[in-house]
Every structure is written in C-alpha cells, then in structure tokens.
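Scroll down for the structure; my scribbles are underneath it.
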Amino acid sequence: MAHEKQFYIDGKWVDPVKPALLDVIDPSTEEAYTQIAVGSAADVDRAVAAARTAFTSYSRTTRKERLELLRAILAEYNKRRSDVGDAISREMGAPLQFARDIQAGRGTAHLERMISVLETYPFETVEGTTLIAREPIGVCGLITPWNWPTNQIACKVLPALAAGCTMVLKPSEEAPIDAIIWTEIMHAAGTPKGVYNMVQGTGTVVGQAMSNHPDIDMMSFTGSTRAGIRVAQAAALTVKRVAQELGGKSANILLPDVDFQTAVTKGINSMMVNSGQSCTAPSRMFVPQERHDEVKAIAKAAAERFVVGDPRNPETRLGPVVNATQYEKIQRLIQAGIDEGAELVTGGPGRPENLNRGFYVRPTVFANVTNDMTIAREEIFGPVITILPYKSEEEVIRLANDTIYGLAAYVQGANLDHARKVASQMRAGNVHVNYPMGDTAAPFGGYKQSGNGREYGKWGLEEFLETKAVIGYQAA
C-alpha cells in the first residue's frame with residue numbers, strides 16, 4: 001500500500017512533520033507485517049487548519065451536493081469493499097469471510113442509511129414566528145476503535161459529512177490499514193479538500209492534541225471508558241461537545257418460558273462473534289436457577305463448536321484477539337474467575353491446544369457466577385461468558401442493572417408482551433428482544449458509564465448539528 005507512511009490532509013497525502021513509525025502486528029502470528037507513520041501535535045495542527053478553512057464553504061453546501069458526495073463514496077466503497085474486509089482480518093484478526101461480509105458490510109449499510117436520512121431530514125422548521133434551523137456544529141475530531149473499525153469510521157464520518165461538518169479522523173493505531181483504504185475511497189469520490197483529514201497516531205499524542213485543540217468544536221470518541229474520560233477532561237477546557245460510545249457489560253436475561261436450547265445457543269454465538277470483542281456483547285447470561293444445569297450443558301456444547309484458528313482458514317469461526325495487552329488482560333480475568341470460585345464449564349487459561357503462537361483465547365464459559373465476581377463486573381472483551389442463576393424476575397432485573405455500564409441489554413422470552421415489560425426496565429441504551437437483526441436506523445449509545453450521545457441514522461446526524469432559533473423570522 002502506497003500511503004501507510006503518510007497522512008491525508010487538505011485533499012492530499014503528506015509526510016508527517018516529524019517522521020516516526022509504528023509496527024502493525026498481525027495478531028494471528030504476533031509479527032509485524034507493515035509499519036505506519038504516527039503523528040504529533042504539529043500534524044494535528046495542520047489537519048485542523050485545513051478543516052477550519054474548508055468549513056466556510058462546505059458548511060454552505062446544499063443537501064443535493066452532500067447527497068452527491070455520499071453517493072460517490074458509496075460507489076467507490078463498494079469497489080473496495082473486499083479490500084476493506086481483507087485489511088480488517090489481517091489487522092485485528094477477524095475470520096476472513098466474517099470480515100468481508102459483516103465487518104466491511106457495515107460500511108455499505110451505514111452509507112445507504114445516511115443517504116436515506118439526508119434525503120428527507122428537516123434542517124429547518126418554523127414554529128410560530130420562529131425559524132428553528134439545524135446547522136453543522138463545525139470542525140469535528142473523530143477517534144475510532146480497532147474492534148469494529150470501519151463500522152465506527154462510517155458512523156462518525158458519514159453523519160458529519162451529511163451535516164455539513166469538516167473533520168479530522170484518528171483511527172486506532174491497532175487497526176490502521178482499513179482507515180487508509182477508507183481515505184483512498186474518500187479521495188477517489190472527490191471529497192472537497194480539507195473536508196476530510198486523517199492523521200494516524202496514538203491516543204496519548206494525537207488523540208490528546210485533538211481533544212484539547214481550540215479549533216475543534218466537537219469530539220466524537222469510541223473506545224474504553226477510561227480513555228473516554230481523558231477525552232472528556234481535555235475537551236472540557238474548550239467547552240467542546242463530546243459524544244462518546246464506551247464500554248459495556250451487557251445482561252442477557254432468559255425468561256422461564258423461552259426455548260432454552262435456542263436461546264442459550266444464540267447467546268453463546270452472539271458472545272463469541274468477533275472473538276468477544278464487541279462492546280455490546282451479551283456477556284452476562286441470567287438464567288432461572290432451576291434451569292442452571294441444563295443451560296450449562298447447552299452452553300458448553302455451543303462454545304465447543306467454535307473452531308479457533310487462523311483467520312484465513314475458511315473453517316475458523318474464532319480468530320485471535322487483537323494484541324498482547326488484550327490477551328494478557330483476558331487471561332488475568334479468566335484466572336480471576338477460577339480463583340473467585342466460579343465454575344469453569346469449558347475453556348480456561350492459555351491458548352487452544354493446537355496453537356502455539358498468536359493471541360488466541362479458548363472459548364470460555366463460567367457458570368454459578370455471582371454478580372459481585374470480577375468476571376461479572378469488568379468488561380473482559382474476549383470470548384468469555386458468565387452464567388448467573390436467578391430466583392425471581394424482580395431479582396434478575398435488579399442484578400441486570402447492577403453495573404456501571406448501560407450500553408446494551410438482551411431479553412429472551414416466548415411471551416412477547418412479557419419480554420417487552422422486562423425490556424422496559426433495563427437501564428441501557430439498546431435492548432434486544434429475542435435476538436433481532438441489527439438496525440442501522442436505531443439510535444446506538446449508552447446510559448451511565450457507557451457514554452453519552454447517539455450514533456446511527458438520524459440520531460447520528462443530529463449529534464453533529466447545532467440548533468439556531470431565528471426569532472421574528474415570520475411576520476406576526
């Protein structure tokens with residue numbers, strides 16, 4: 001790839017102000033397969049200056065002009081979609097077909113959704129004699145994670161473009177290559193210079209420089225709660241708007257009338273997909289106490305069907321986790337589960353027996369877990385699920401909500417009205433009833449320490465808009 005050691009600023013690929021390189025590690029081999037340039041505050045200054053200059057004209061573009069741009073991006077993206085999937089598989093370890101179909105497919109889905117939203121969104125309404133105008137907030141700093149990299153780039157860049165904002169993107173340094181392809185797509189689509197800028201680098205340098213930059217009007221961040229707090233603290237110095245999608249520890253409540261064979265199997269599958277590296281993963285499975293032993297057996301069989309191995313092997317269902325830090329964290333938490341008395345049903349510490357290198361984790365199921373155990377409190381972000389028995393509906397609702405997080409929750413039940421009643425009591429931004437298909441029109445975001453603001457569809461667009469009241473716009 002031609003642009004790994006460059007940034008994209010003001011419509012062209014440029015060298016960093018201060019040359020510095022970072023290895024990009026293939027998690028399946030633990031070896032570097034390329035290097036990227038990493039930026040400094042000086043690179044951020046250049047990118048922000050370009051975005052600030054471009055905002056004057058881009059913020060005044062018409063709906064038609066912005067729709068033409070989004071449609072051009074969609075056309076270029078679909079030409080490169082398999083390249084995006086290949087990059088994601090290599091950089092963060094997702095099985096290749098999953099990366100091509102699901103991970104890369106999210107880019108197409110978000111593009112199509114944002115085009116649909118922009119076609120009809122009412123940027124101006126009149127209430128009485130007052131015009132209510134929704135206008136672009138300004139220059140936006142976008143920081144995206146490594147676990148669903150293109151998905152998160154799409155659901156930040158696209159609404160910002162649709163709103164009329166300009167931006168600087170800092171993708172994760174753990175998954176930087178798909179962002180380079182995305183940037184090539186933006187260039188090929190004819191994005192006006194300065195509207196979209198991309199600087200690679202670390203959160204502590206580039207992310208910090210963006211968060212406290214006086215010429216950035218908004219920060220949109222997806223990542224850990226710990227890092228999100230640092231972004232918010234830095235952004236507070238210039239009173240920026242901050243939108244955050246952070247961690248999760250999602251409850252999955254199986255009500256007594258559910259088909260347990262189906263519900264437990266789907267719960268395990270949902271947990272293990274993407275090697276458990278999803279902030280919405282249903283990591284706490286609550287089951288009626290009298291069905292606990294039955295659930296254990298179903299969960300064990302479902303988890304052991306996951307073939308762990310090389311992401312490029314078509315038989316693989318579970319690739320490695322992203323890096324050594326994540327691997328070691330997951331191993332520590334698996335051991336904590338054992339030490340604190342949880343029942344290890346399958347999996348456990350170490351790599352699967354047939355693998356001696358790569359950041360591979362054994363699909364792990366714990367049962368007889370209590371909600372005060374470390375594995376029920378901390379976000380593991382790996383293929384590890386906890387089964388927690390409950391005695392009553394009142395108890396399970398209390399336990400499900402007993403977490404600092406509130407990103408997602410899941411409720412499974414044969415009686416839909418009953419499941420809806422339980423769902424209404426979940427303190428979470430997204431509640432999934434009976435494992436539905438995903439919905440890119442639904443607002444995505446969390447309660448409590450899972451963040452603030454919403455992404456996807458019209459909700460994502462509105463995060464990038466300011467509200468202006470023109471009083472006296474109409475004659476009385």
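The values are calculated or read from the model by the stated rules, or taken from the named source; none is laboratory data. Predicted, not measured: the structure shown is a model, and the values here were computed from it. A quick note on method: Cβ atoms are made from the backbone with ideal geometry, for glycine too, and the neighbour counts reach across all protein chains shown.
Observations
- Hits in the stretch 275-315 - residues which are part of a loop (DSSP other than H, G, I, E, B), polar (S, T, N, Q) and closer than 16 Å to F366 by Cα: S283
- Candidates in the stretch 393-439 are the residues that are over 22 Å from I375 (Cα atoms) and among the hydroxyl-bearing types (S, T, Y); of these, the one that is surrounded by the most Cβ atoms within 10 Å (Cβ to Cβ) is Y435.
Every residue, every condition in (1) touching a residue at least 40 places away in the same chain (Cβ under 8 Å); (2) within 21 Å of the chain's Cα centre (by Cα); (3) in the same structural domain as A133 (by TED's automatic domain parsing), yes or no:
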position: W148; (1), (2), (3): yes, yes, yes
position: L161; (1), (2), (3): yes, yes, yes
position: A175; (1), (2), (3): yes, yes, yes
position: Y196; (1), (2), (3): yes, yes, yes
position: V199; (1), (2), (3): yes, yes, yes
position: A209; (1), (2), (3): yes, no, yes
position: T222; (1), (2), (3): yes, yes, yes
position: T238; (1), (2), (3): no, no, yes
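- Residue that is farthest from the chain's Cα centre (by Cα) [pool: residues in the stretch 408-440 that are of a type in the set (G, A, S) and in a strand (DSSP E or B)]: A409
- Matching residues, the stretch 71-95, being under 13 Å from D26 (Cβ atoms) and among the aliphatic types (A, V, I, L, M): A87, I88, M92, A94
- Subset tally (residues that are of a type in the set (S, T, Y) and within 30 Å of R100 (Cα to Cα)) for the stretch 52-86: 2
- So E395, is it closer than 25 Å to G337 by Cα, without any contact (Cβ under 8 Å) to a residue 40 or more places away in the chain and not in a strand (DSSP E or B): yes
- So G247, is it within 22 Å of the chain's Cα centre (by Cα) and not hydrophobic (A, V, I, L, M, F, W, C): yes
- One residue alone among T346, T374 is polar (S, T, N, Q), touching a strand residue (DSSP E or B) at 6+ places or on another chain (Cβ under 8 Å), surrounded by 15 or more Cβ atoms within 10 Å (Cβ to Cβ) and not assigned by TED's automatic domain parsing to the domain that holds A175, and that residue is T346.
Residue-wise test of (1) farther than 19 Å from T262 by Cα; (2) among the hydrophobic types (A, V, I, L, M, F, W, C); (3) under 22 Å from the mean Cα position of the chain (by Cα).
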| site | (1), (2), (3) |
| --- | --- |
| S283 | no, no, yes |
| H292 | no, no, no |
| L344 | yes, yes, no |
| P349 | yes, no, no |
| T370 | yes, no, no |
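- Those residues of the stretch 7-26 which are over 21 Å from R52 (Cα atoms) and either out of contact with any helix residue (DSSP H, G or I) (no Cβ under 9 Å at 6 or more places or on another chain) or not charged (D, E, K, R) (or both), in sequence order: P19, A20, L21, L22, D23, V24, I25
- Segments classed as helices (runs of 4 or more DSSP H), wholly inside the stretch 157-241, with at least 2 members that are out of contact with any Lys or Arg (no Cβ under 6 Å at 6 or more places or on another chain) and surrounded by fewer than 24 Cβ atoms within 10 Å (Cβ to Cβ): 177-188, 225-236
- Matching residues in the stretch 23-60 - criterion: being surrounded by 16 or more Cβ atoms within 10 Å (Cβ to Cβ), of a type outside the set (S, T, Y) and not in a helix (DSSP H, G or I): V24, I25, D26, P27, I36, A37, V38, G39
- Filter pass, A94 being of a type outside the set (F, W, Y), assigned to a helix (DSSP H, G or I) and touching a helix residue (DSSP H, G or I) at 6+ places or on another chain (Cβ under 9 Å): no
- Any hit, the stretch 409-427, residues being closer than 27 Å to A162 by Cα, of a type outside the set (D, E) and not assigned by TED's automatic domain parsing to the domain that holds I229: no
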